[in-house]
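Quick notes on the structure that follows.
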Amino acid sequence: MQELHQIAQFVSNLRYGDLPQSVIDQAKWIIRDTIGVIIAGMAEPEVAALADYAVINHPGSASLFGHKGNSTPAWSALVHGTAGTTLEMDEGHAFARGHAAVHALPPAIALAQAQGASGKDVLTGFIVGYEVAARSGIASLLRKSVHPFGAWGVIGAAAVVAWFQQLNTRDIAGVLELAASYAITPSFKTAYQGANVRNTFAGIVNSMGMLAAEFYPLGFRGENGGLQTTFGEILGHSFNPKALIDGLGERYEILRGYFKPYSACRYTHAAIDAVLGLRAEGRLDLNNVAAIEVATYDIAARLAEPNPKTPLAGRFSLPYVTAATLVTGGAGPEIFTSQMLQDPEILDIASKITVLEDPAFTALTPKKRPARVTLQYLDGSNLMKTVLGSKGDPDQPMTEDELNEKFHNLSDPCLGLHKASQVWDLIGQLEKLPDLSSLISLLAPQERSESEQRRRL
């Protein structure tokens, strides 16, 4: 495939000095955001247990954020990929219909630490992985039953390793083709049902992409046309190779990503914005609501379960997210606790919500992801709000202050305000760092003894 050769050549040739300043700046914002989300995700009990397992059973040179212990680069990328998706707050890409950063940053940091690489190398390797992952996602029309976290991200992770290994164009193409065979079978039903195996998908394919880059020099080879087979036949309906190289080196996909202000599936965010708009207008009367209608686009309309049983299921429930936002005025991690999922007022309102597809909204995707929320009162009057996109989209960006507040809300409970502020500032000057030691010293506490680790297990 000629396009595969061209994107491999892009990976092989890209150097820090080739990058536009706007791309470098955006990369640093995304790295800050992704690290904050990973740190918060590391505090979740099952993720903390996974980190302990990695340190005890797969010790190595790579640090784990907020954790006293090291693991191998592949296991570090697995743990950080899992942590980064657990709270549903990681940066995403509407045109790729998924999340590229969580597949690019964990491998880049793990490898940079292992090699003693510079901040410029981290930025370049991260941008390489983001670009390859996002373009692979754009090229792939996945089946509705497939969750993207376990699909094309494997190509992005492999590209990061290939760049750090300074492979030639032929070998990079071979690594990417081999990595395509290591995508998994990620069911989207896991998210709807709240089965948190879904939170491991990104981490698993991060590690598999890294293994592909390790296996290739040993003599293992992938299928010719493996990307088309995996993403266009097995996991998807079609794969468009030309999307891999459309504007390559001129239009950087990292500039088309979005940030997430809310701790829920992106498909719920337009409804959240509509509800917050209604609350800001001061005309809500929840005691007199007869029914609520949420009209949205096709994929979002599938998130219709009114009574989710787990935090993950809650994050993929439009009735629950809409009701909880109406009641509390927020949609952060705090509305997805076990206690909140059983709140009688929220569940009562959620039971009154109908979710439906508006074909006109579907026609606007993926560039726009709209929603319309209509409250029908007992007296027959209506209150309605329509939004055509979500806060955090490129045309509705979160401000620097909002991104900083999000970072501190996620990072301060683990790192403390002072260390979190230092991390924020260091990432802002990442290109000046000779290596990552100063950053890692802030992100990872001193090593815990093995006996302490075993007690946590």
Item to complete: Pick out, from S61, A51, I7, the residue whose Cα sits farthest towards the positive end of the charge dipole of the stretch 1-71, with +1 on the Cβ of Lys and Arg and -1 on the Cβ of Asp and Glu.
Response: S61
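Kindly provide the trypsin sites (Lys or Arg not before Pro) of the stretch 9-74 that DSSP labels as loop, not H, G, I, E or B, and whose Cβ sees at most 13 other Cβ atoms within 10 Å.
R15
Contact order normalised by length for the stretch 97-178, with contacts defined as Cα pairs under 8 Å and 6 or more residues apart; what percent is it?
Details: 95 pairs, mean separation 30.4, N = 82.
Value for the stretch 97-178: 37 percent.
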Practice prompt. Quick one: accessible surface of L111, probe radius 1.4 Å, all protein chains present, in square angstrom to the nearest 10.
Written response: 20 Å²
Worksheet item: Taking the alpha-carbon centroid of each part, what is the distance from the stretch 28-78 to the stretch 227-304 in angstrom?
Response: 27 Å
Practice prompt. Select from the stretch 78-165 those trypsin sites (Lys or Arg not before Pro) which occupy a DSSP coil region and have at most 13 other Cβ atoms within 10 Å, ordered by residue number.
Written response: R143, K144
Worksheet entry | Helix 2-13 axis, angle to the chain major axis (alpha carbon atoms, nearest 10°) | 70 degrees
Item to complete: Rank G332, A360, Y377 by how far each Cα sits towards the positive end of the charge dipole of the stretch 327-385 (+1 on Lys, Arg Cβ; -1 on Asp, Glu Cβ) and give me just the farthest.
Response: A360
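Per 0.36 nm of contour for each residue apart, how much would the distance between D435 and H58 grow if the chain were fully extended, relative to their Cα-Cα spacing? Display every interim value, and only then the final one.
Details: separation 377, 0.36 × 377 = 135.72 nm, distance 2.38 nm.
Taking 0.36 nm per residue and subtracting the Cα distance, the gain is 133.3 nm.
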Response to the item:
Rounded to the nearest 10 Å², the accessible area of K385 using a 1.4 Å probe with every protein chain kept is 60 Å²
Practice prompt. Taking H placed 1.01 Å from N in the peptide plane, check which residues at least 5 places from G392 or on another chain put their amide H under 5 Å from its amide H.
Written response: M398
Item to complete: Could you tell me how many degrees, from 0 to 90 and to the nearest 10, lie between the Cα long axis of helix 400-415 and the main elongation axis, the longest principal axis, of the Cα atoms of the chain?
Response: 70 degrees
Response to the item:
Taking GluC sites (Glu not before Pro) in a DSSP loop with at most 13 other Cβ atoms within 10 angstrom as exposed, one finds the longest site-free stretch of the chain at 1-222
Worksheet item: Tell me, what % of the accessible area of the stretch 17-158 is carbon and sulfur with a 1.4 angstrom probe?
Response: 53 percent
Worksheet item: With every protein chain present, what is the per residue accessible area of the chain (1.4 Å probe, Å²)?
Response: 38 Å²
Fill in: the chain: relative contact order as a whole-number percent, Cα under 8 Å and 6+ apart
20 percent
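What FRET efficiency do you get for L364 and E281 if R0 is 25 Å and r is their Cβ-Cβ distance, rounded to the nearest 0.05?
Details: r = 24 Å, r/R0 = 0.96.
Rounded to the nearest 0.05, the efficiency is 0.55.
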Worksheet item: In nm, to one decimal, how far is the F220 label point from the Q166 one, both placed 7 Å along Cα→Cβ?
Response: 2.6 nm
Worksheet item: Counting Lys and Arg as +1 and Asp and Glu as -1, each charge on the Cβ, what is the dipole of the chain about the Cα centre in debye, to the nearest 20?
Response: 520 debye
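Mind listing which trypsin sites (Lys or Arg not before Pro) in the stretch 173-274 are in a DSSP loop and have 13 or fewer other Cβ atoms within 10 Å?
Counting only loop positions with at most 13 other Cβ atoms within 10 Å, the trypsin sites (Lys or Arg not before Pro) in the stretch 173-274 are R221, R251.
For every helix of n ≥ 4 consecutive DSSP H residues, a contribution of -39,500 (n - 2.57) applies; sum these over the chain, divide by its total residues, and give [θ] at 222 nm rounded to the nearest 500 deg cm²/dmol. Write out the running numbers ahead of the final one.
Numbers: 21 runs with 231 residues, N = 457.
Helices in the chain give a 222 nm mean residue ellipticity of -15500 deg cm²/dmol.
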Response to the item:
Computed over the chain: longest principal axis from alpha-carbon atoms vs helix 101-115 long axis, angle to nearest 10 degrees, is 30 degrees
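The values are calculated or read from the model by the stated rules, or taken from the named source; none is laboratory data. Source: prediction; values computed, not measured. We place every Cβ from the backbone using ideal geometry, glycine too, and count neighbours over all the protein chains shown. Surface accessibility is based on the protein's heavy atoms, side chains included, excluding ligands, DNA and RNA. Shrake-Rupley method; radii C 1.70, N 1.55, O 1.52, S 1.80 Å.
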